[in-house]
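The values are calculated or read from the model by the stated rules, or taken from the named source; none is laboratory data. Owing to the predicted nature of the structure, the values given are computational and were not obtained by experimental measurement. Don't worry about glycine lacking a Cβ; one is built from the backbone with ideal geometry, like all the others, and counts go over all protein chains shown. Side chains are part of the model used for accessible areas, which takes the heavy atoms of the whole protein and leaves out ligands, DNA and RNA. Shrake-Rupley method; radii C 1.70, N 1.55, O 1.52, S 1.80 Å.
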Amino acid sequence: MDERKKLSRRQFLAAAGGTLVSIGLPGLFVKVLDGENQAVAAELRPDGRPRLPPGQQLVSMLADMGGRPGKATISDWNLRVHGEVERLLTLDFKELLRLPQVELTCDVHCVTGWTLLDSRWSGVQLKTILDLVKAKPSARFVIFEAAAGYTSNIPLTEALKENVILAHSFAGSPLPQAHGAPVRTLVPDRYFYKSAKWLEGIKVTVRDEPGYWETRGYSNSADPWKQERYDSLLSPLGRSMHETP
Ligand SMILES: Nc1nc2c(c(=O)[nH]1)N[C@H]1C(S)=C(S)[C@@H](COP(=O)(O)O)O[C@H]1N2
Ligand SMILES: [Mo]
């Protein structure tokens, strides 16, 4: 089946059917595409892993999962890149647009159990920015610093992957405020809480610094194919609640 037929089938299913399920935010429900799940589960990614990670269900659109938005707009946004780097860097939005731009079509997987396929983003690879600041040889982790104190953390090896980007557009339009405007991160191969919205800073570190959700019981490594959802030794509040700061 070609890509276009697949998409239109998904859109058809979205319009025709599907079940509403709660995704852990009070009062927030998303439509799950039952019929499509099995077909997609059988698809394989180029890396050989199943397209649909275990325990996930397909949804037809990007839910607004909340969080406390930043105040920055395109005209006053700044990104501070600091920590274990040879050169400190502060970028504004215009400077971000002058860096090489990429388009990324990827699947995103929320820890509460929904997966959105083929979401379309554009922005700048995180690797491009890390190349500019040059991580010191001792550097091992990247910490995303977002508005209102939200943070998330990934290993430097993950941060350098080509599908990890700072996104300023979604589905062909400027990133909506609810989804992290003006700039958010996307780490498609980890659960979506790693993808910080309303990004303000990037810190490169020697030691890991578990972030907002990672210090509240969610998995630090967050690999959807290993179902790394909760670190069981920590507070288990995550299972029923997914409220953002
Ligand atoms: N700054 C910030 N980023 C955040 C969050 C947040 O609360 N604040 N929530 C995370 C979680 S738990 C998810 S599932 C995704 C949701 O992104 P969306 O609202 O665009 O679907 O953003 C992540 N990034
Ligand atoms: Mo989430």
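Can you give the Kirkwood hydrodynamic radius of region 79-151 from its Cα pairs, in Å with one decimal?
Hydrodynamic radius (Kirkwood, Cα pairs) of region 79-151 is 14.5 Å.
Could you tell me the convex hull volume per residue, in Å³, taken over the Cα atoms of region 153-198?
Hull volume normalised by residue count: 73 Å³.
Please give the peptides 217-223, 141-147 ranked by average Cβ packing (other Cβ atoms within 10 Å per residue), highest first, as a rough proxy for protection.
141-147, 217-223
Could you pull out every one of the lysines with an alpha carbon less than 26 Å from that of Lys203, ignoring same-chain neighbours closer than 8 positions?
Lys71, Lys94, Lys127, Lys134, Lys136, Lys161, Lys194
Taking 7 Å along the Cα-to-C-beta vector as the label spot, tell me the Ala178-Ala148 distance in nanometres, rounded to one decimal.
About 1.4 nm separates the two model spin labels.
Counting only protein heavy atoms, what percent of the accessible surface of region 171-234 is carbon or sulfur at a 1.4 Å probe?
Carbon-and-sulfur percentage of accessible area, whole number: 51.
Along the charge dipole of region 36-89, Cβ charges K/R +1 and D/E -1, which of Leu52, Val40, Leu62 sits furthest on the positive end?
Leu62
How big is the charge dipole of region 122-182 about its Cα centre, in debye rounded to the nearest 20, if each Lys and Arg gets +1 on its Cβ and each Asp and Glu gets -1 on its Cβ?
About 180 debye.
Mind checking the per residue accessible area of region 25-138 for me, 1.4 Å probe, whole number of Å²?
51 Å²
With θ set to phi - 60° and the Karplus curve 6.51 cos²θ - 1.76 cosθ + 1.60, what are the ³J(HN,Hα) couplings of region 112-129 in order, to the nearest whole Hz, using x for Gly and Pro?
Rounded to whole hertz, the list is 6, x, 9, 10, 10, 8, 6, 7, 10, 10, 9, x, 10, 4, 4, 4, 4, 6.
Send over a whole-number figure in Å² for the accessible area per residue of region 146-224, probe 1.4 Å.
31 Å²
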